[in-house]
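Colleague: Okay, handing you the structure first.
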Amino acid sequence: MAARDLNKVPPLVVICGPTASGKTSLAIDLAKRHKGEIICADSRTIYKGMDIGTAKPTIDEQAVVPHWGLDLVEPGERFTAADFKRYADEKIKEIRARGHVPFLVGGTGLYVDAVVFNFSFAGEADVKLRQQFEDMTIDELHDYCNENNIVLPENDKNKRYVIRTIERSTAPKHRKNEPLSTSVIVGIATDRAVLRQRIEKRTEQIFDDNVVNEAMLLGKKYGWSNEAMTGNIYPLIRRYLEGELNLEEAKDKFTTLDWRLAKRQLTWLRRNPYIQWHSLTEAKTYLDNVLANE
């Protein structure tokens, strides 16, 4: 959807898509050429010290254009979608006040939706969201909690309890039916086979960058039972260090986990009818034209 009020303020450029789809490189390229600053909408990169395992933008990438939304809390510290929404809203104002273009970039659909649909968070259930949760399996609900920093209830095998916990943590009381009129929302469409290859390649890169050492340091500092250490690649590294998995098995399992994450992200994002889906090349051309006319 093209922004309707671009003449009023610099647009909010939203680039979303599954993990490993190329969002980061596209956003950096566009932001560099159009006076942009990037807000990362990713529930994993908010953690300090979790750099390699979460595929956080590198120091070199962060040096190209300003990045926000990284290293916000210590692993295990509570940080909800409501916290992210407040943080992102403030950063968007600051970026626009500098005359720059805010880019909201990430694969955490709830974070993106909270900003573009202007969620007002409270403890009451949203009917549409509740139906989405009802349609999930208990394992998918557990994954959702892990990805959105939600502590599971004691009775985590009870689907109703888990859904209610999610609702208390994330469900908005109010949300707009249409996205912000100053937003431009683009989704990165990637062929499934190509996306799988990109995920496999990134797995190799993460291990080449010594994610094992990072996990060891984090495990020592925060403990392997820390909530943030129980998701993503870190439990696999623990199993590798304990001799339960060899290196290739750990890589294969992480590739599978990220592939499943990508599919869940796509399922969430495709529920948003306002996202314009383009290939990386098409998205670059489209957004270049939008920003050139801004």
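Colleague: What distance in nm lies between label points placed 7 Å from Cα along the C-beta direction at Leu247 and Asp288?
Modeller: 4.0
Colleague: On to the next question. What angle do you read, to the nearest 10 degrees and between 0 and 90, between the alpha-carbon axis of helix 247-269 and the longest principal axis of the chain?
Modeller: Rounded to the nearest ten degrees, it is 40.
Colleague: Which one, Gly223, Val212, Ile46, projects farthest toward the positive side of the charge dipole computed for the chain from Cβ point charges (K/R +1, D/E -1)?
Modeller: Ile46
Colleague: Here's a follow-up. Based solely on its DSSP helices, what 222 nm [θ] is calculated for the chain when runs of n ≥ 4 H residues each add -39,500 (n - 2.57) and the sum is averaged over all residues, nearest 500 deg cm²/dmol?
Modeller: -15500 deg cm²/dmol
Colleague: Now a separate question. Rounded, prolate or oblate: which fits the stretch 158-245 when a ≥ b ≥ c are the square roots of the eigenvalues of the alpha-carbon gyration tensor, with rounded for a/c under 1.5 and prolate only if a/b beats b/c?
Modeller: oblate
Colleague: Still on this model: Cross-link list Lys157/Lys263; Lys48/Lys221; Lys157/Lys220: which exceed 19 angstrom alpha carbon to alpha carbon?
Modeller: Lys157/Lys263; Lys157/Lys220
Colleague: Here's another thing I want to ask about it. Compute the length gained on full extension between Lys157 and Leu72: take 0.36 nm times their separation in residues and subtract their Cα-Cα distance, giving the result in nm to one decimal. The partial results should precede the final answer.
Modeller: Working: separation 85, 0.36 × 85 = 30.60 nm, distance 3.06 nm.
Working it through step by step, the gained length comes to 27.5 nm.
Colleague: If R₀ is 25 angstrom, what is the calculated FRET efficiency for the pair Leu217 and Thr256, using the beta carbon separation as r and rounding to 0.05?
Modeller: With R0 = 25 Å, the Cβ-Cβ based efficiency is 0.50.
Colleague: Please give the helix 192-208 orientation as an angle from the longest Cα principal axis of the chain, in degrees from 0 to 90, rounded to the nearest 10.
Modeller: 60
Colleague: Grab the beta carbon distance between Thr267 and Ala63, set R0 = 35 Å, and tell me the FRET efficiency rounded to 0.05.
Modeller: Step by step, r from the Cβ atoms, then E = 0.55.
Colleague: With +1 assigned to the C-beta of every Lys and Arg and -1 to the C-beta of every Asp and Glu, and no other charges, what is the dipole magnitude of the chain about the Cα centre in debye, to the nearest 20?
Modeller: 800
Colleague: Something else now. Output the pairs from Lys23/Lys201; Lys35/Lys128; Lys56/Lys284; Lys91/Lys159 with a Cα-Cα distance over 25 Å in this structure; if there are none, say none.
Modeller: Distance filter (> 25 Å) returns Lys35/Lys128; Lys91/Lys159.
Colleague: On a straight-distance basis, which aspartates and glutamates could pair with Lys176 in a cross-link, Cα separation under 14 angstrom, same-chain partners fewer than 8 positions away excluded?
Modeller: Reachable aspartates and glutamates: Asp113, Asp126.
Colleague: Could you give the angle, 0 to 90 degrees to the nearest 10, between helix 211-222's Cα long axis and the longest principal axis of the Cα atoms of the chain?
Modeller: For 211-222 against the chain, the angle is about 80 degrees.
Colleague: May I ask for the percentage of alpha-carbon pairs in the chain that lie more than 35 Å from each other?
Modeller: Every Cα pair in the chain considered, those over 35 Å come to 16 percent.
Read-outs: derived from the displayed coordinates by stated rules, not from any lab. On a predicted model such as this, the values are computed, not experimentally measured, just so you know. Here the Cβ is made from the backbone with ideal geometry for all residues, glycine too, and neighbour counts use every protein chain on show.
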